[in-house]
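First comes the structure, then the notes that go with it.
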Amino acid sequence: MTRDTTVDRVTAGFTEARRVADALLFEGYVLYPYRASARKNQLRWQFGVLVPPSWEDAHSEHAWQRTECLVEPRRAGQLLVELRFLHVRRRTVERLLSDGESWAEVAELDLPDRVLVPWDEAEEERIEVQVPLDRLTGGGHTVRFDRPGGVDHEPIDDGGRRVIGRLVRRVRPLAGEIHLATEPLPGPYGALRLTATVRNVSPWAPDRTVDGGDRAAALPHSLIGAHLLLGLPGGRFLSMTDPPQWARPAAQVCRNEHTWPVLACEEGRDDVLLSSPIILDDHPSLAAESPGPLYDATEIDEILSLRTAALTDQEKREARGTDARAAEVIDLVDGMPAEVMERLHGAIRGLREVTGDVAAGQDRGPSAAPSAGLPLPTGSQLPWWDPAQDTRFAPGESTVTVDGQLVAAGSRVVLRPGLRRSDAQDIFLTGRTATVEAVLQDFDGETHIAVTVDGDPGVDVRRQQGRFLYFRPDEVDPAEDTGGDLAAGPEGAPARDTRARTPEGGR
């Protein structure tokens, strides 16, 4: 008996596709600043939430999603299906009372390394189905699944051996079904239209006197981030965005509701399909530069990493106590090497290598020359677009005269933001002292003074990454050697959001 290598190939394809699917599954799981108390974390899980039917009836969310796609069975005899979703675990915190036997629910439990608070965790669920294609004709095939509820307790000690509290996790039961059906397409190609419908059929109904219109009451009975992986060993799926010419009329009438199917895995693969609640292109992939999951919806790795690195120790303790995945993010950023952070600044994927006569500085004609005004490569072998090619660029050596005094790197100034500035938050820096990190000139000849504000707890991170605040010479005064404090603004104004800015457009 020989092993079916096409099944092995699809199984391996599922493993590859899950890397992208994981980003969808945990999209918006916990938002920066990764604390349960943050306003952004009061409304979570916006994508692929399939609520119980009783909740769908009275609200704008849905209990089902429908995938329709086109397949060519060829040698395929079966369809592989994997439904993935998150199941909420509602976590509360209890403290052990002085009698050593009783427990009391509390708002937080302060530990040496973290602050534990109530929170909705979630665990991945998988429903795996293998069904012969010939069973999907006619009325199709339905698979029912149930996930039980339950309660578990995790003891918490004080860093030694003495138990001082516990986490109580409650999981509510939920039920669902997957309905699969095919119908042949007209024509000589032997293609099929495949329909896969996922439905939440949980019997839970809200108690109007207790739950009211609270969405949080429905989430433990919901399928969250629901998406499908479909595999066709020996056959192929057709792209829904770029189908063959003969299949375009059939693709245009396919109904995909609350989800969208794309070809998964690398270019050239067509035996694995990912149906996602977030619209993607065919063959989606994760950026090679991404150091790991940050779990924040619409994440931008560099900005999130820099902001996370700038959190105070107390804020990081709160994040670590909020969720294990939030703790992973804190540890990931705290231990991120400088070279990894540098990669997050961006990647150029479309440039061709400059070699031959052009690399030697010999112009072979207009079509071969680099963009006007850009330096040619030197013996350093750096590409022409790298700023380090311009040896005239030495920000640490530049100076500017302000009120008759020379200002350079290391000088201390008082900030006087002008009214013409576009960042309204600059008003909170009026009168604050700062240290000059560099004096720079842009391509228009304008001078900018890069500074770090005295007392800013993120100064070390800013210097490491070269991300400063920028002012023009007429917006600073030379200062005596006095201290500064970023904890409060003028006349008790709140601390300023120290977002990194760049000259002109990046402020």
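The values are calculated or read from the model by the stated rules, or taken from the named source; none is laboratory data. None of these values were measured; they are calculated from a predicted model. Cβ atoms come from the backbone with ideal geometry, glycine included; neighbour counts cover every protein chain shown. These accessible areas exclude ligands, DNA and RNA; they are computed on the full protein's heavy atoms, side chains included. Shrake-Rupley method; radii C 1.70, N 1.55, O 1.52, S 1.80 Å.
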>> Contact list please: Cβ distance under 8 Å, first residue in segment 24-41 and within 15 Å of Ala122 (Cα to Cα), second residue basic (Lys, Arg) and in a loop (DSSP other than H, G, I, E, B), pairs at least six apart or on different chains.
In response: Gly28/Arg44; Tyr29/Arg44; Val30/Arg44; Leu31/Arg44; Asn41/Arg35
> Taking segment 422-455 only, how many residues are under 32 Å from the mean Cα position of the chain (by Cα), open to solvent by less than 20 Å² (accessible area, probe 1.4 Å) and polar (S, T, N, Q)?
Replying inline: 1
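Inspect segment 58-71 for any residue being out of contact with any Ser or Thr (no Cβ under 8 Å at 6 or more places or on another chain), surrounded by 21 or more Cβ atoms within 10 Å (Cβ to Cβ), aromatic (Phe, Trp, Tyr) and touching a residue at least 60 places away in the same chain (Cβ under 8 Å) and give the result as yes or no. Break it down into steps so the answer makes sense when it comes.
We begin by selecting, within segment 58-71, every residue out of contact with any Ser or Thr (no Cβ under 8 Å at 6 or more places or on another chain); these are 58-63, 70.
Next, from what is left, pick out any that are surrounded by 21 or more Cβ atoms within 10 Å (Cβ to Cβ): 63, 70.
Retained after the next criterion (residues that are aromatic (Phe, Trp, Tyr)): none.
No; the residues of segment 58-71 include none that is out of contact with any Ser or Thr (no Cβ under 8 Å at 6 or more places or on another chain), surrounded by 21 or more Cβ atoms within 10 Å (Cβ to Cβ), aromatic (Phe, Trp, Tyr) and touching a residue at least 60 places away in the same chain (Cβ under 8 Å).
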> Which of the residues spanning segment 87-108 are in contact (Cβ under 8 Å) with a residue 12 or more places away in the chain, farther than 30 Å from Leu50 by Cα and either open to solvent by less than 50 Å² (accessible area, probe 1.4 Å) or among the acidic types (Asp, Glu) (or both)?
Replying inline: Glu94, Leu96, Glu105, Val106, Glu108
>> I need the full set of residues from segment 126-152 which are of a type in the set (Asp, Glu) and part of a strand (DSSP E or B), in order please.
In response: Glu128, Asp146, Asp152
>> For the condition of a type in the set (A, V, I, L, M, F, W, C), buried (at least 19 other Cβ atoms within 10 Å of the Cβ) and modelled with pLDDT under 70, what is the one hit in Ala500, Ala487?
In response: Ala500
> Do you know which of the residues in segment 190-205 that are farther than 22 Å from Ser276 by Cα and open to solvent by 40 Å² or more (accessible area, probe 1.4 Å) is farthest from the chain's Cα centre (by Cα)?
Replying inline: Gly190
> Which numbered condition trips up Pro188, out of (1) closer than 30 Å to Pro249 by Cα; (2) in contact (Cβ under 8 Å) with a residue 12 or more places away in the chain?
Replying inline: (2)
> Limited to segment 234-259, what total is found for residues that are farther than 22 Å from Arg9 by Cβ, in contact (Cβ under 8 Å) with a residue 40 or more places away in the chain and open to solvent by 40 Å² or more (accessible area, probe 1.4 Å)?
Replying inline: 6
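Quick one: which of Ala226, Ala216 is of a type in the set (Gly, Ala, Ser) and not in a strand (DSSP E or B)?
Working: Ala226 fails: not in a strand (DSSP E or B).
None of the others qualify; the one that does is Ala216.
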> Say we look at segment 260-307 and pick out the residues that are assigned to a loop (DSSP other than H, G, I, E, B), closer than 30 Å to Glu56 by Cα and open to solvent by 50 Å² or more (accessible area, probe 1.4 Å); which of these is modelled with the lowest pLDDT?
Replying inline: Thr298
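Checking the conditions here, which among Asp313, Asp282, Asp296, Asp270 is under 30 Å from Thr92 (Cα atoms) and either without any contact (Cβ under 8 Å) to a residue 24 or more places away in the chain or over 18 Å from the mean Cα position of the chain (by Cα) (or both)?
Working: Asp282 fails: under 30 Å from Thr92 (Cα atoms); Asp296 fails: either without any contact (Cβ under 8 Å) to a residue 24 or more places away in the chain or over 18 Å from the mean Cα position of the chain (by Cα) (or both); Asp270 fails: under 30 Å from Thr92 (Cα atoms).
Only one candidate qualifies: Asp313.
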> Of the residues Pro383, Pro377, which single one is at pLDDT below 85, part of a loop (DSSP other than H, G, I, E, B) and in contact with a Leu (Cβ under 8 Å, 6 or more places away or on another chain)?
Replying inline: Pro383
